[in-house]
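What follows is one structure encoded as structure tokens, with my remarks underneath.
The values are calculated or read from the model by the stated rules, or taken from the named source; none is laboratory data. These numbers come from a predicted model, not from an experiment. Positions of Cβ are generated from backbone atoms using ideal geometry, with glycine treated the same way; all protein chains shown enter the neighbour counts.
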Protein chains: 2
Amino acid sequence: MLKAERHNYIKTKLAEQHRVSTIELALDLGISEDSIRRDLNKLHEKGALEKVYGGAIPITEKNKSVFDIVITNEDKKKKIGYKALSLLHDGQVIIMSGGTTNLVFSKLIPTMLKATIYTYSLPIAMQLSQYPNIDLIFIGGKMQKNAMVTIGIDVLQVLSKIKADICFMGVSSIDIKQGLTEEGYEVSVVKKAMIESSDKVIAMFTSDKLNTKKAHVVCDLSKLDTIVTDLDPEEIKLEEFKKSGVSII
Amino acid sequence: MLKAERHNYIKTKLAEQHRVSTIELALDLGISEDSIRRDLNKLHEKGALEKVYGGAIPITEKNKSVFDIVITNEDKKKKIGYKALSLLHDGQVIIMSGGTTNLVFSKLIPTMLKATIYTYSLPIAMQLSQYPNIDLIFIGGKMQKNAMVTIGIDVLQVLSKIKADICFMGVSSIDIKQGLTEEGYEVSVVKKAMIESSDKVIAMFTSDKLNTKKAHVVCDLSKLDTIVTDLDPEEIKLEEFKKSGVSII
DNA sequence: TCGAATAACGCAAAATAACGCATAATATTA
DNA sequence: TAATATTATGCGTTATTTTGCGTTATTCGA
């Protein structure tokens, strides 16, 4: 195993678990604690983490820029993004929800795409602002802090006046019976509004969201036109969804 | 096997597995490690991969993310920011314009400040979204690409309905006769609206903006309450401004 | 303050890379 | 086609990097 691989492993584990221990890492990777310590020191120097007695923790918020957005499962999300590209066409009016899956997707959009895109996510708006031929409209309102999206009545009002061709929706939880659900009430309301304003609804999510539920219902599966996941469309896990009439790519 | 073929093989394998090892490649391709190393060096020079001890990994895509905002004269802007902190109080309703000076200022705001802040700048909103006690409202509208701010009628409409205590305004150009001016018409209109909606107007700019003009007028000096620069308030360059009745810190 | 856990240090062995060079393979030219 | 220039390859050697271990220093919690 290359050193660079180890470094990636450590960074990923740290992002997921918010802490790593020297001993665990040595065991995980099958090398001596000394080497792990050397790795941690290197990563510390590079500012990728903060070393503490017994292991390491994520960098303290002081130096951590809000602009460094951690994307988990980036590979899977890229897979989803590439598949979703086939749904894009010049001239579309698009609504994009927040979430890192959509953020990754945004980075993959062809440079010259001509489209009008509405979004209420700060990171996605920043990303999309680099495309010369995209008319970008940010839907303002009260900011939901952690997710960096706007919510509330202002958002609903704007959405109610839009008629979009397609909406790309990041999904927190999806279940064959409950349909789409969200942790936060306000976000669930916004997503409902998105769906009402769009001719087509695309749900994008990594396979770990499958068959999970949260408190607030967004819609049932019948509202969805297409599901995009990192899995093969023929995968058994998706069988049930296919039966419900949603197209799966 | 041609060298070009080998290079392709390496690139493909790297794309698939996110790592290649020198030894493995030598085995795969049935040639000496030396040649593999030479290949890797070539590919490294061409920027196709990153060479590491024991093999190679994909190039780190740190290439100019939209989230890497370049801040010129950061030191001066910090100076300005620290001075401006004295104008902040709990409970204020604040409007913040865009610009890197305000972005730097945003980073310096005390963690626990209680306030309501309106902004129409994406980077500033992202920065402010980390403060737990700030009610943050993003003013939506059409995005001005390069500056990452919203502009247009929607912004004006929202601004017209706000009554803020104070507005922190980044300044493109300031001149004793012309007052504040902007390069873009639309931004100048938005700034006019900001001023109308605020009890107090704070102009913040680095000294290189002094005595410069742009095409579109925002307001004359009489509209300003306070000027914050990196200079000493007693500096001769600021003499004229002081005479016009603006307070300078 | 002590004892256990963890980290840092120095070092030698192992792994990997770079260098120089002779030779083989390939391309170029007459 | 033969002669020649150019490039690529493998090998022996020498540098560099990485690693694990023994030892010593530091940190942590009781």
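Annotation: of all residues in the range A:18-72 being within 11 Å of DNA strand D (Cβ to nearest atom) and among the β-branched types (V, I, T), the one that is farthest from A:S121 (Cα to Cα) is A:I31.
Report yes if some residue within the range A:62-80 is in contact with a strand residue (DSSP E or B) (Cβ under 8 Å, 6 or more places away or on another chain) and surrounded by 15 or more Cβ atoms within 10 Å (Cβ to Cβ); otherwise report no. Looking for residues that are in contact with a strand residue (DSSP E or B) (Cβ under 8 Å, 6 or more places away or on another chain) and surrounded by 15 or more Cβ atoms within 10 Å (Cβ to Cβ), one finds at least one in the range A:62-80, hence yes. When we screen A:Y118, A:Y131 for residues that are assigned to a loop (DSSP other than H, G, I, E, B) and either surrounded by 19 or more Cβ atoms within 10 Å (Cβ to Cβ) or over 21 Å from the mean Cα position of the chain (by Cα) (or both), the only hit is A:Y131. Report whether or not A:Q144 is at pLDDT below 95, within 14 Å of chain B (Cβ to nearest Cβ) and in contact with an Asp or Glu (Cβ under 8 Å, 6 or more places away or on another chain). Spelling it out, A:Q144 is indeed at pLDDT below 95, within 14 Å of chain B (Cβ to nearest Cβ) and in contact with an Asp or Glu (Cβ under 8 Å, 6 or more places away or on another chain). From the list B:D225, B:D175, the one residue that fits, being under 19 Å from B:L87 (Cα atoms) and surrounded by fewer than 20 Cβ atoms within 10 Å (Cβ to Cβ), is B:D225. Annotation note: Cβ proximity below 6 Å between a residue of the range B:92-107 that is outside the structural domain of B:M148 (by TED's automatic domain parsing) and a residue that is part of a strand (DSSP E or B) (sequence gap 6+ or interchain) occurs for no pair.
With the requirement that a residue be hydrophobic (A, V, I, L, M, F, W, C), more than 9 Å from chain B (Cβ to nearest Cβ) and touching a residue at least 24 places away in the same chain (Cβ under 8 Å), what does the range A:148-163 give you?
Residues of the range A:148-163 that are hydrophobic (A, V, I, L, M, F, W, C), as a first pass: A:148-149, A:151, A:153, A:155-156, A:158-159, A:162.
Remaining after also requiring more than 9 Å from chain B (Cβ to nearest Cβ): A:149, A:151, A:153, A:156, A:159, A:162.
Scanning the range A:148-163 gives A:V149, A:I151, A:L156, A:L159, A:I162.
Is the range B:140-159 home to any residue that is assigned to a strand (DSSP E or B) and surrounded by fewer than 19 Cβ atoms within 10 Å (Cβ to Cβ)? So far as the range B:140-159 goes, yes, one or more of its residues are assigned to a strand (DSSP E or B) and surrounded by fewer than 19 Cβ atoms within 10 Å (Cβ to Cβ). Taking the listed residues B:I151, B:I176, B:I166, the one that is of a type in the set (V, I, T), within 18 Å of the chain's Cα centre (by Cα) and in the same structural domain as B:E239 (by TED's automatic domain parsing) is B:I151, with no other qualifying.
Considering (1) buried (at least 16 other Cβ atoms within 10 Å of the Cβ); (2) closer than 22 Å to A:Q157 by Cα, the lone condition that A:D199 does not fulfil carries the number (1).
Within the range B:2-23, the residues that satisfy the criterion of being more than 9 Å from DNA strand C (Cβ to nearest atom) and more than 14 Å from chain A (Cβ to nearest Cβ) are B:K3, B:A4, B:E5, B:R6, B:H7, B:N8, B:Y9, B:I10, B:K11, B:T12. Of the residues making up the range B:24-55, those that are surrounded by 16 or more Cβ atoms within 10 Å (Cβ to Cβ), under 13 Å from B:N8 (Cα atoms) and either within 11 Å of DNA strand C (Cβ to nearest atom) or away from every other protein chain (no Cβ under 14 Å) (or both) are B:L25, B:L29, B:I36, B:D39, B:L40, B:L43, B:A48.
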